[in-house]
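Enquirer: Before I ask anything, let me first share the structure, which is written out below as structure tokens.
The values are calculated or read from the model by the stated rules, or taken from the named source; none is laboratory data. Since the structure is predicted, the reported quantities are computational estimates derived from the model, not experimental observations. Glycine also receives a Cβ, built like all others from the backbone with ideal geometry; neighbour counts cover every protein chain displayed. In case anyone asks, the SASA skips ligands and DNA or RNA and just uses the protein heavy atoms, side chains included. Shrake-Rupley method; radii C 1.70, N 1.55, O 1.52, S 1.80 Å.
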Amino acid sequence: MTETPAVDLPSWAQVGEKRRAHIARVTALLDRWASQLKLDAAEAQAWHDAGRFHDALRDAPEAELRRLGAGHDLPLDVLHGPAAAAQLVMLGERREGVLSAVRWHTVGHAGWDRTGRALYMADFLEPGRVFSRAERTFLADHLPHDFDGVFRQVIQLRFEWTLREGKVLFPEAAALWNSVR
Ligand SMILES: [Fe+2]
Ligand SMILES: [Fe+2]
């Protein structure tokens, strides 16, 4: 297992140790790509914040997720994205790219800017996941050279899994695939 980097979680986060370590690895990967791609400070900060916010309510109680995610007709395991985005809006977050990245990170969204796309990839490619190690490491290393190509690959891999497992394919996810295929 790779050593876990530190992460500065928001005060409202509700996560256990395993989740915190995942968030830290996702954020560290986003930071690495941002530096390799020489992003300007504002975009690098957006990527970083999308990483540290995305699963901040992953371990919150169901009642709270349902309350915060109200208006989204989504199953419980997907609601932590919309719930965290709603929490961010309440606290004054105005960066649409960050909000959309967090809101849709589990599902996928065709309207994403690079922040949403980068988070979707980092969430899947972070080194703590045990499956397909070599392929995911390759994609993570290749991303700074071909952001769009790796994005397409990651969508395909995630959808293959979704279909194989018999999981729900959300309309937003289908629209994302249609936008890159
Ligand atoms: Fe998540
Ligand atoms: Fe995540």
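Enquirer: Among all residue pairs at least 6 apart or on different chains, which show Cβ distances below 9 Å where the first residue, located in the range 11-24, is over 16 Å from residue 48 (Cα atoms) and the second is of a type in the set (D, E, K, R) and more than 10 Å from ligand 1 (Cβ to nearest atom)?
Expert: Hits for this filter: 14/59; 14/64; 15/59; 16/59; 19/59.
Enquirer: I'd like to verify a number: residues in the range 64-81 that are more than 14 Å from ligand 2 (Cβ to nearest atom) and open to solvent by less than 80 Å² (accessible area, probe 1.4 Å), how many? Working first, answer last.
Expert: Filtering the range 64-81 down to residues more than 14 Å from ligand 2 (Cβ to nearest atom) leaves 64-76.
Still in the list and also open to solvent by less than 80 Å² (accessible area, probe 1.4 Å): 64-65, 68-70, 72, 74-76.
Here the count works out to 9.
Enquirer: Filter the range 4-59 down to residues that are of a type in the set (S, T, N, Q) and away from ligand 1 (no atom under 14 Å from the Cβ) and give me whichever is nearest to residue 128 (Cα to Cα).
Expert: Once the filter is applied, the top-ranked residue is 4.
Enquirer: Turning to a different aspect of this structure: Return the residues of the range 34-63 that are open to solvent by less than 20 Å² (accessible area, probe 1.4 Å), within 16 Å of ligand 2 (Cβ to nearest atom) and closer than 17 Å to residue 121 by Cα; say none if nothing qualifies.
Expert: Scanning the range 34-63 gives 47, 49, 50, 51, 53, 54, 55.
Enquirer: Helices (runs of 4 or more DSSP H) wholly in the range 1-114 with at least 3 residues that are within 17 Å of the chain's Cα centre (by Cα) - which ones?
Expert: The helices (runs of 4 or more DSSP H) meeting that bar are 17-36, 41-54, 80-90, 96-104.
Enquirer: Moving on. Would you please name the residue that is farthest from ligand 2 (Cβ to nearest atom), looking only at residues in the range 127-157 that are over 20 Å from residue 173 (Cβ atoms) and crowded, with 17+ Cβ neighbours inside 10 Å?
Expert: 143
Enquirer: Do we have residue 117 as farther than 20 Å from residue 10 by Cα, within 16 Å of ligand 2 (Cβ to nearest atom) and open to solvent by 10 Å² or more (accessible area, probe 1.4 Å) here?
Expert: Taking the combined requirement at face value, the residue satisfies it.
Enquirer: Is it true that residue 22 is open to solvent by less than 80 Å² (accessible area, probe 1.4 Å), of a type outside the set (Gly, Ala, Ser), over 20 Å from residue 92 (Cβ atoms) and modelled with pLDDT of 95 or more? Write out each step before concluding.
Expert: On the way: open to solvent by less than 80 Å² (accessible area, probe 1.4 Å): yes; of a type outside the set (Gly, Ala, Ser): yes; over 20 Å from residue 92 (Cβ atoms): yes; modelled with pLDDT of 95 or more: yes.
It is true that residue 22 is open to solvent by less than 80 Å² (accessible area, probe 1.4 Å), of a type outside the set (Gly, Ala, Ser), over 20 Å from residue 92 (Cβ atoms) and modelled with pLDDT of 95 or more.
Enquirer: Going by the conditions given, is residue 123 at pLDDT 95 or above, acidic (Asp, Glu) and crowded, with 16+ Cβ neighbours inside 10 Å? Explain how you work it out, then say what you get.
Expert: Values: at pLDDT 95 or above: yes; acidic (Asp, Glu): yes; crowded, with 16+ Cβ neighbours inside 10 Å: yes.
For residue 123, the condition - at pLDDT 95 or above, acidic (Asp, Glu) and crowded, with 16+ Cβ neighbours inside 10 Å - is met.
Enquirer: Still on this structure, I have one more. Only residues in the range 48-65 that are of a type in the set (Gly, Ala, Ser) count as the first member; pair them with residues that are open to solvent by 40 Å² or more (accessible area, probe 1.4 Å), Cβ under 6 angstrom, at least 6 apart or cross-chain, and list the lot.
Expert: Note: pairs meeting the criteria are 60/14.
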